[in-house]
Amino acid sequence: MLTYSHQNIDQSDIDALCKALKGEFLTGGKRVDDFEEALASYVGVKYACVLNSATSALHLAFEALKVKDKLVLSPAISFVATSNAALMAGAKIDFIDIKNDGNIDEKKLEIRLKKAQQEKEQVGAIVGVDYAGNSLESDELLRLSKLYNVPFLDDASHALGSTYKGVKVGKKANLSIFSFHPVKPITTFEGGAVLSDDKDLIEKIKLLRSHGLVKKRLWLYDMLDLGYNYRLSDVACALGLNQLKKLDLNLAKREQIASFYDKEFEKNPYFSTIKIKAYKTSSRHLYPILLNPKFYCQKEELFERLLNLGIGVQVHYKPAYEFSFYKKMLGELYLEKADNFYKAQLSIPCHQQMSLKDAKFVRDSLFKLFEELDKKGYCE
Ligand SMILES: *Cc1c(COP(=O)(O)O)cnc(C)c1O
């Protein structure tokens, strides 16, 4: 099966892991600090804290921002962990509609911020997701963050290595989150990180990562806060360090596949793709195609037939407010762009483990299937 995304594990990763396994510390050792330093330096920020998942990273980021009982404004299209983590930290959530590229709509965000100001609702954070690796309009989000005096959190789980106006994604926001799940740009099996220039926030997150404990002397500890065990092991960090070394090479390979698709799919009659603007580069974590509306009702058939051909497609994402849990909490919500995005979106295989020949197979299969579906035409 040609999966929509895939990890890259080679002999150098295995060697790094074996070395770490033979080391003195399997967890809580120097490799954790080394990985944090390497990440911060790669992205161009001062501090990093690695954790056992991006979900943990989001949770502690929201706790450090003290969002409890405040409103968190989150994009309607994301993995559920983004908004779940805000709820875990005691926030109230509201979803903001997206633009055609799947990223949060800054204009709608501003309207919601104005409303909150008028109604004296306290906003704890604004959240963006760099959908599929395509950077947020960070300058615009920063402007809103300053104007309304609300922290800006970037869930950059898709976007390690992406750039915006010549700087790495993760550099602009108050706090940025990365995921090291195997489908993401680099992996530590499970894992995640928070990056920031704000020393106090990162220190708070490090405290919460390990039970809220601080070492005093000899056996003496103090517990300053109610924390968790969200640590990432030294063995995982050894993998992360080696993965980071290969990231740029892997991104270049992904770019090759993605730009092939961009070119081949230009102006086809069946679906559109997301153009990456000239002042950005994308990690190409996902390659989304957006079906023309007349094919919406045939998406299930298309999905199944692609799987049967060994083309591992996926849908990113069902809007969180359409899940039972959120419906119970928020009632029926409808955000037009997000709703249509969900109907239209399909992620096709795009990663460093596939060849141009694979990409051609995906292209040919898609065109053939769409032609057949078009002839059936039962959506009309
Ligand atoms: C993958 C992902 C997460 C969660 O990452 P984990 O490391 O699996 O916890 C959060 N947000 C987004 C946008 C993601 O894609």
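The values are calculated or read from the model by the stated rules, or taken from the named source; none is laboratory data. The structure displayed is predicted, hence computed values, not measured ones. Because the Cβ atoms are built from the backbone with ideal geometry, glycine has one as well, and the counts that use them run over all protein chains shown. Remember, those area values only see protein heavy atoms, side chains included, never the ligands or the DNA or RNA. Shrake-Rupley method; radii C 1.70, N 1.55, O 1.52, S 1.80 Å.
For this structure, a couple of remarks:
- Rounded D (µm²/s) - the stretch 1-104, Kirkwood Rh over Cα pairs, Stokes-Einstein at 20 °C, 1.002 mPa s: 127
- By accessible area, using a 1.4 Å probe on protein heavy atoms only, the chain has 54% of its surface on carbon and sulfur.
- Stretch gain in nm, segment Lys376-Lys318, where the contour uses 0.36 nm per residue and the Cα spacing is subtracted: 18.2 nm
- Here the contact order of the chain, divided by its residue count and restricted to Cα pairs under 8 Å and six or more residues apart, works out to 22 percent.
- Highest to lowest packing among 281-292, 313-324, scored as the average C-beta count within 10 Å: 281-292, 313-324
- Within a Gaussian network of the chain (alpha carbon springs, distance under 10 Å), most fluctuating of Asp154, Asp139, Asp222: Asp222
- With bins 10 Å wide beginning at 0, the percent of Cα pairs of the chain falling in each bin runs 5, 23, 31, 25, 12, 3, 0, 0.
- Distance between the stretch 354-380 and the stretch 208-233 - C-alpha centres, whole angstrom: 54
- The DSSP beta bridges internal to the chain are antiparallel in roughly 60% of cases.
- Its DSSP H runs of at least 4 residues, each contributing -39,500 (n - 2.57), put the calculated 222 nm mean residue ellipticity of the chain at -13000 deg cm²/dmol, to the nearest 500.
- The simple spin-label model puts a point 7 Å past each Cα toward its Cβ; for Glu300 and Met223 those points are separated by 5.1 nm.
- For the stretch 301-380: Kirkwood Rh in Å [reciprocal of mean 1/r, alpha carbons]: 14.9
- For Ile14 and Leu144, a Förster radius of 35 Å and the Cβ-Cβ distance give a FRET efficiency of 0.15, rounded to the nearest 0.05.
- Dipole magnitude for the chain: about 440 debye, using +1 per Lys or Arg Cβ and -1 per Asp or Glu Cβ, origin at the Cα centre.
- Heavy-atom accessible surface of the chain, averaged per residue, reaches 46 Å², computed with a 1.4 Å probe.
- Principal axis box of the stretch 248-374, alpha-carbon based, largest edge first, Å: 46, 37, 25
- These residues, Lys299, Lys30, go from largest to smallest accessible area, 1.4 Å probe, as Lys30, Lys299.
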